[in-house]
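*Asks:* Could you have a look at this structure, given as structure tokens, before my questions?
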Amino acid sequence: MLELKNICFSADGKEILKNINLTIDDAKFIVITGPNGSGKSTLAKIIAGIITPDSGQILLDGQDITELGITERARAGISFAFQQPVRFKGVTVKDLITLASGQELSTADACQYLAEVGMCAKDYIDREVNSSLSGGELKRIEIATVMARKTKLTLFDEPEAGIDLWSFQNLINVFEKMHEEIQGSIMIISHQERILDIADQVVLLSAGEVKQIGTKEEVLPGLFGMETGCRYFMGGNK
Amino acid sequence: MLNDIVKNLLQEVSGMMNIPTTGAFNIRNNGKSEGRHSTENIDIVPKADGTGLDIYVKPFTKNEDVHIPALITQDGVKEVVYNDFHIGEGAEITIIAGCGIHNCGCDDSVHEGIHRFFVGKNAKIVYLEKHIGEGDGNGKRIINPQTHIEAEENAYVEMDTVQLKGVDSTKRISSAVLKDGATIVIKEKIMTHGEQYAETSFDVNLDGTGSSAKLISRSVARDNSRQLFRSKINGNAECYGHSECDAIIMDNGVVAAEPEITANHVDASLIHEAAIGKIAGDQLTKLMTLGLTEKEAEAQIINGFLK
Ligand SMILES: Nc1ncnc2c1ncn2[C@@H]1O[C@H](COP(=O)(O)OP(=O)(O)O)[C@@H](O)[C@H]1O
Ligand SMILES: [Mg+2]
């Protein structure tokens, strides 16, 4: 279980997160949504230890991890798929997946993760994670990488970005399978209604504040009340 | 019989475990030949004045390797070696050169290897060169290789050069002149530590129509080490030239890149790219989110970069 208590963060004199309180229960699937610039990525980075909040507390299974660095949090069981995956010259897809899994992996094992994100493993496993890969390919490799970690909490920042419609259904399957197999908590930052559909809980963030927490049906109407709200939704409304 | 120091160094430089009994090779140690062998197609002939070797590869020789490692395992050895490669038309071979210096003494050891390649029409060669310094003496390990290539029509030359540890000072000078349709690919990987200094200089003349050159340098400068990368490509015909210098600096490392590209022909297409900087912060962050420490992440990134 992850608990955020009174998290505040400012940068350049601007309040980016204002007193965030949020709990992600074990084995829960939550989606964070909200307009661009509302602070979603910042929140994920605070959970992963990449950004240190100005105040507030972060607890993982009751243990205070606020002071822990990125490495310790990763080892404590937090994984994070970046909104913008990082490119590396010379580091291959297999290297990344192997590092993520924390153990020697056979090529067949590593390929399994790629297959799950709908990539033909033999075409990619020895490729360098460099600028020769397209945005959508990088995103899927990023997802395969965090899947290999099998941690109790996994954060995905806009995993659907750059992924075509055909692969999208695959992605939904990936999240559902992960949820079942690891029995861990999953937090996805997303604007996609089909991802909201499978969430246990939807959290609406706006201007650095939690505006609403509830089911998709409860939260969606709130979105349309917001000035910029519905424009960010690709999936249409109901 | 080779002693263990020589054997280890030999293996590091050339991959050979001992003096082979077949194939074309010459093993040089402290200025003397420890073994030499020619084959039907590849003749290795010492120069009359003792300054090096002439290596003759018959036209259309295929699937053969030439090993010519040069080792220095005593301190205070200073040598200049001239090796000339005469590659016959249509031959396709791999040449494994390289130099290792083991210096436990207090006097500097210096190897200057001057290699000239005369590559015949349609020939295809891969030239591998690995430079290593070891031993704990105060004497410096200095390697200054020169590679001069003349590539005839449609010849293909690939040169892979690696220097990852222990060489205190190096000045590497490479030049190439390419005729019609000839191609050269040079890949260089360098890592410097401590107070080391490495200098690289490429000088390529693309004289022939359809000739092309690709120079790729990847380097890491750590501690107080310094590196200078110079490349000069002259496009004198319809040709394609590309040089790329990619360097990571750490600690107080210094890297300078001085590219020069000159198009002397309206159909010459020349590109230079240079990027120098420390390891990108987001690369470290990504690997740390996978559970690596900052040091481990750094090692992985450098490893991949120089792979
Ligand atoms: N390091 C920073 N310095 C200044 N402003 C920042 C910094 N990081 C994020 N911001 C700003 O904070 C706001 C929230 O950003 P972000 O968390 O990326 O939003 P979201 O992911 O919801 O689109 C944006 O206005 C962004 O420009
Ligand atoms: Mg974002």
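The values are calculated or read from the model by the stated rules, or taken from the named source; none is laboratory data. Keep in mind that what you see is a predicted model, and the values were worked out from it rather than measured. Note that we place each Cβ from the backbone using ideal geometry, even for glycine, and neighbour counts take in every protein chain shown. Heavy atoms of the whole protein, side chains included, go into the accessibility calculation; ligands, DNA and RNA do not. Shrake-Rupley method; radii C 1.70, N 1.55, O 1.52, S 1.80 Å.
*Asks:* Going through the range A:181-202 one residue at a time, which ones are in a strand (DSSP E or B), more than 16 Å from ligand 1 (Cβ to nearest atom) and among the hydrophobic types (A, V, I, L, M, F, W, C)? If you could, list the steps in order and put the result at the bottom.
*Replies:* Of the residues in the range A:181-202, the ones in a strand (DSSP E or B) are A:185-189, A:201-202.
Filter once more, so that each one left must be more than 16 Å from ligand 1 (Cβ to nearest atom): A:185-186, A:201.
The one that is in a strand (DSSP E or B), more than 16 Å from ligand 1 (Cβ to nearest atom) and among the hydrophobic types (A, V, I, L, M, F, W, C): A:Ile186.
*Asks:* Let me spell it out: the conditions are (1) hydroxyl-bearing (Ser, Thr, Tyr); (2) closer than 17 Å to B:Glu244 by Cβ; (3) open to solvent by 10 Å² or more (accessible area, probe 1.4 Å), and B:Thr200 meets all of them except one. Which number is the exception?
*Replies:* The failed condition is (3).
*Asks:* Within the range A:18-54, track down each residue that is within 25 Å of B:Leu284 (Cα to Cα) and either among the hydrophobic types (A, V, I, L, M, F, W, C) or more than 12 Å from ligand 1 (Cβ to nearest atom) (or both).
*Replies:* A:Leu43, A:Ala44, A:Ile46, A:Ile47, A:Ala48, A:Gly49, A:Ile50, A:Ile51, A:Pro53, A:Asp54
*Asks:* Go through (1) hydroxyl-bearing (Ser, Thr, Tyr); (2) open to solvent by less than 50 Å² (accessible area, probe 1.4 Å); (3) within 16 Å of ligand 1 (Cβ to nearest atom) and name the single condition A:Thr66 misses.
*Replies:* Unmet condition: (3).
*Asks:* Continuing with the same structure: Based on what the data block shows, is A:Lys14 open to solvent by 70 Å² or more (accessible area, probe 1.4 Å), more than 14 Å from chain B (Cβ to nearest Cβ) and within 16 Å of ligand 2 (Cβ to nearest atom)? Lay out the reasoning, then the answer.
*Replies:* Numbers: open to solvent by 70 Å² or more (accessible area, probe 1.4 Å): yes; more than 14 Å from chain B (Cβ to nearest Cβ): yes; within 16 Å of ligand 2 (Cβ to nearest atom): yes.
Taking the combined requirement at face value, the residue satisfies it.
*Asks:* To continue, here is another question. Among the residues in the range B:246-267, are any surrounded by 15 or more Cβ atoms within 10 Å (Cβ to Cβ), under 21 Å from A:Gly90 (Cα atoms) and within 9 Å of chain A (Cβ to nearest Cβ)?
*Replies:* Looking through the range B:246-267, at least one residue is surrounded by 15 or more Cβ atoms within 10 Å (Cβ to Cβ), under 21 Å from A:Gly90 (Cα atoms) and within 9 Å of chain A (Cβ to nearest Cβ).
*Asks:* Still on this structure, I have one more. So, A:Ile47, is that one within 16 Å of ligand 2 (Cβ to nearest atom) and within 14 Å of another protein chain (Cβ to nearest Cβ) or not?
*Replies:* Working: within 16 Å of ligand 2 (Cβ to nearest atom): yes; within 14 Å of another protein chain (Cβ to nearest Cβ): yes.
It is true that A:Ile47 is within 16 Å of ligand 2 (Cβ to nearest atom) and within 14 Å of another protein chain (Cβ to nearest Cβ).
*Asks:* A further question follows. B:Asp282 versus (1) open to solvent by 30 Å² or more (accessible area, probe 1.4 Å); (2) under 30 Å from A:Thr154 (Cα atoms); (3) out of contact with any strand residue (DSSP E or B) (no Cβ under 8 Å at 6 or more places or on another chain); (4) more than 7 Å from chain A (Cβ to nearest Cβ): which is the lone unmet condition?
*Replies:* Unmet for B:Asp282, out of (1) open to solvent by 30 Å² or more (accessible area, probe 1.4 Å); (2) under 30 Å from A:Thr154 (Cα atoms); (3) out of contact with any strand residue (DSSP E or B) (no Cβ under 8 Å at 6 or more places or on another chain); (4) more than 7 Å from chain A (Cβ to nearest Cβ): (4).
*Asks:* Just wondering, is there one or more residues in the range A:20-41 that are within 14 Å of chain B (Cβ to nearest Cβ), open to solvent by 20 Å² or more (accessible area, probe 1.4 Å), within 16 Å of ligand 2 (Cβ to nearest atom) and in contact (Cβ under 8 Å) with a residue 60 or more places away in the chain? Before the answer, list the steps.
*Replies:* First pass over the range A:20-41, keeping only residues within 14 Å of chain B (Cβ to nearest Cβ): A:41.
Keeping just the survivors that are open to solvent by 20 Å² or more (accessible area, probe 1.4 Å) gives A:41.
Restricting the remaining residues to those that are within 16 Å of ligand 2 (Cβ to nearest atom) gives A:41.
Imposing the further condition that a residue be in contact (Cβ under 8 Å) with a residue 60 or more places away in the chain reduces the set to A:41.
Looking for residues that are within 14 Å of chain B (Cβ to nearest Cβ), open to solvent by 20 Å² or more (accessible area, probe 1.4 Å), within 16 Å of ligand 2 (Cβ to nearest atom) and in contact (Cβ under 8 Å) with a residue 60 or more places away in the chain, one finds at least one in the range A:20-41, hence yes.
*Asks:* When you go through (1) away from ligand 2 (no atom under 16 Å from the Cβ); (2) on the phi < 0 side of the Ramachandran plot; (3) within 14 Å of chain B (Cβ to nearest Cβ) one by one for A:Lys150, which number turns out not to apply?
*Replies:* (2)
*Asks:* So in the range A:80-112, with the set limited to residues that are at the interface with another protein chain (Cβ under 7 Å from one of its Cβ atoms) and in contact with a Leu (Cβ under 9 Å, 6 or more places away or on another chain), which one is surrounded by the fewest Cβ atoms within 10 Å (Cβ to Cβ)?
*Replies:* A:Gly102
*Asks:* Right, something else. Any idea how many residues of the range A:132-165 are under 30 Å from A:Asp25 (Cβ atoms), in a loop (DSSP other than H, G, I, E, B) and within 16 Å of ligand 1 (Cβ to nearest atom)? Break it down stepwise before answering.
*Replies:* Filtering the range A:132-165 for residues under 30 Å from A:Asp25 (Cβ atoms) gives A:139-161, A:163.
Filter again for in a loop (DSSP other than H, G, I, E, B), leaving A:150-152, A:158-161, A:163.
Now restrict to residues that are within 16 Å of ligand 1 (Cβ to nearest atom): A:158-161.
Of the residues in the range A:132-165, 4 are under 30 Å from A:Asp25 (Cβ atoms), in a loop (DSSP other than H, G, I, E, B) and within 16 Å of ligand 1 (Cβ to nearest atom).
*Asks:* Oh, and also: Which residue, of B:Gly139, B:Gly194, B:Gly208, is closer than 30 Å to B:Asn236 by Cβ and either open to solvent by 10 Å² or more (accessible area, probe 1.4 Å) or not in a strand (DSSP E or B) (or both)? First the steps, then the outcome.
*Replies:* Details: B:Gly139 fails: closer than 30 Å to B:Asn236 by Cβ; B:Gly194 fails: closer than 30 Å to B:Asn236 by Cβ.
It is B:Gly208.
*Asks:* Suppose the filter is modelled with pLDDT under 85, in contact with a Leu (Cβ under 7 Å, 6 or more places away or on another chain) and of a type in the set (Val, Ile, Thr); does A:Ile182 pass it? Don't jump to the end; show me each part of the working.
*Replies:* Working: modelled with pLDDT under 85: yes; in contact with a Leu (Cβ under 7 Å, 6 or more places away or on another chain): no; of a type in the set (Val, Ile, Thr): yes.
It is false that A:Ile182 is modelled with pLDDT under 85, in contact with a Leu (Cβ under 7 Å, 6 or more places away or on another chain) and of a type in the set (Val, Ile, Thr).
*Asks:* Output the residues belonging to the range A:65-79 that are facing chain B (nearest Cβ under 8 Å) and assigned to a loop (DSSP other than H, G, I, E, B).
*Replies:* Correct list: A:Gly69 only.
Residue-wise test of (1) in contact with an Asp or Glu (Cβ under 7 Å, 6 or more places away or on another chain); (2) away from every other protein chain (no Cβ under 14 Å).
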{"position": "A:Cys120", "(1), (2)": "no, yes"}
{"position": "A:Asp123", "(1), (2)": "no, yes"}
{"position": "A:Ser134", "(1), (2)": "no, yes"}
{"position": "A:Ile141", "(1), (2)": "no, no"}
{"position": "A:Asp164", "(1), (2)": "no, yes"}
{"position": "A:Asn170", "(1), (2)": "no, yes"}
{"position": "A:Gln192", "(1), (2)": "yes, yes"}
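*Asks:* Please go through the range A:42-59 and pick out each residue that is open to solvent by 50 Å² or more (accessible area, probe 1.4 Å), assigned to a loop (DSSP other than H, G, I, E, B) and in contact with a Ser or Thr (Cβ under 7 Å, 6 or more places away or on another chain).
*Replies:* Result: A:Ile50, A:Asp54.
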